[in-house]
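Novice: So that we are looking at the same thing, I have put the structure below in structure tokens.
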Amino acid sequence: MDFVADGLASGRRIRALTVVDVYSRECVAIEMDLSLPSARVSRVLDRVALDRGYPKAIVVDNGPEFTSLAMDRWAADHGVELRVIAPGKPTQNAFFESFNGRFRDECLNENWFVKLQGAIETIEAWRRDYNEVRPHGALGNSTPAEFSRAMGLGD
């Protein structure tokens, strides 16, 4: 998981928490808001876990939302290892950097968000398209959603 920043037409900054299952390539959540503290991150992960279960590990950067005591506690409570990449080494999470670049190029850079709710709706539509419409060569030309269903992940 990682964060991507953007802005509304008013100049107000917004943040997106992107959560991707690297195995299935499925983007299981994009949470968008003005602020996304650790407690909100853990609620998003709990919501995803209702459908998919808790992962064995999550790769994160060394941002404060991921290295806080609240996240450490959440991870320990759910048996999840937080694998923190080294500072300044985004290549240690290369798939995620690629995903976030695609998200920025195809969604954030292509849309002008006037209000937060409009951004949330547009981003969710992009996430569904990414998961349900686009085949991925690494998945045998299945979409991430098809691959996840075939592997018994999620609903």
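The values are calculated or read from the model by the stated rules, or taken from the named source; none is laboratory data. Worth saying up front: this structure is predicted, and the values here are computed from it rather than measured. Counting neighbours? That spans all protein chains shown, and the Cβs are built from the backbone with ideal geometry, glycine included. Heavy atoms of the whole protein, side chains included, go into the accessibility calculation; ligands, DNA and RNA do not. Shrake-Rupley method; radii C 1.70, N 1.55, O 1.52, S 1.80 Å.
Novice: Among the numbered criteria (1) surrounded by fewer than 13 Cβ atoms within 10 Å (Cβ to Cβ); (2) in contact with a His (Cβ under 8 Å, 6 or more places away or on another chain); (3) not β-branched (Val, Ile, Thr), which single criterion is violated by Arg128?
Specialist: (2)
Novice: Ok, one more. Mind checking whether some residue in the stretch 83-96 is within 16 Å of Tyr23 (Cα to Cα), in contact with an Asp or Glu (Cβ under 8 Å, 6 or more places away or on another chain) and not in a loop (DSSP other than H, G, I, E, B)?
Specialist: Yes, that holds for at least one residue.
Novice: Sticking with this one: Kindly indicate which of Ala76, Ala70, Ala119, Ala86 is touching a Ser or Thr at 6+ places or on another chain (Cβ under 9 Å) and either among the polar types (S, T, N, Q) or farther than 19 Å from Arg25 by Cβ (or both). Even if it seems obvious, please write down each step before you answer.
Specialist: Working: Ala76 fails: touching a Ser or Thr at 6+ places or on another chain (Cβ under 9 Å); Ala119 fails: touching a Ser or Thr at 6+ places or on another chain (Cβ under 9 Å); Ala86 fails: touching a Ser or Thr at 6+ places or on another chain (Cβ under 9 Å).
Unique residue meeting the criteria: Ala70.
Novice: Let me ask something additional. Here are some residues: Pro90, Pro144. Which one is under 17 Å from the mean Cα position of the chain (by Cα), of a type outside the set (A, V, I, L, M, F, W, C), open to solvent by less than 80 Å² (accessible area, probe 1.4 Å) and more than 30 Å from Ala9 (Cα to Cα)?
Specialist: Criteria check complete, one pass: Pro144.
Novice: Give the residue, chosen from Ala94, Ala75, that is modelled with pLDDT of 95 or more, out of contact with any Cys (no Cβ under 7 Å at 6 or more places or on another chain) and of a type in the set (A, V, I, L, M, F, W, C).
Specialist: Values: Ala94 fails: modelled with pLDDT of 95 or more.
Among Ala94, Ala75, only Ala75 is modelled with pLDDT of 95 or more, out of contact with any Cys (no Cβ under 7 Å at 6 or more places or on another chain) and of a type in the set (A, V, I, L, M, F, W, C).
Novice: How do the pairs read when you match residues in the stretch 60-79 that are over 18 Å from Phe96 (Cβ atoms) with residues anywhere that are open to solvent by 40 Å² or more (accessible area, probe 1.4 Å) and of a type in the set (Lys, Arg), using Cβ under 9 Å and keeping only pairs 6 or more apart or on different chains?
Specialist: Gly79/Lys56
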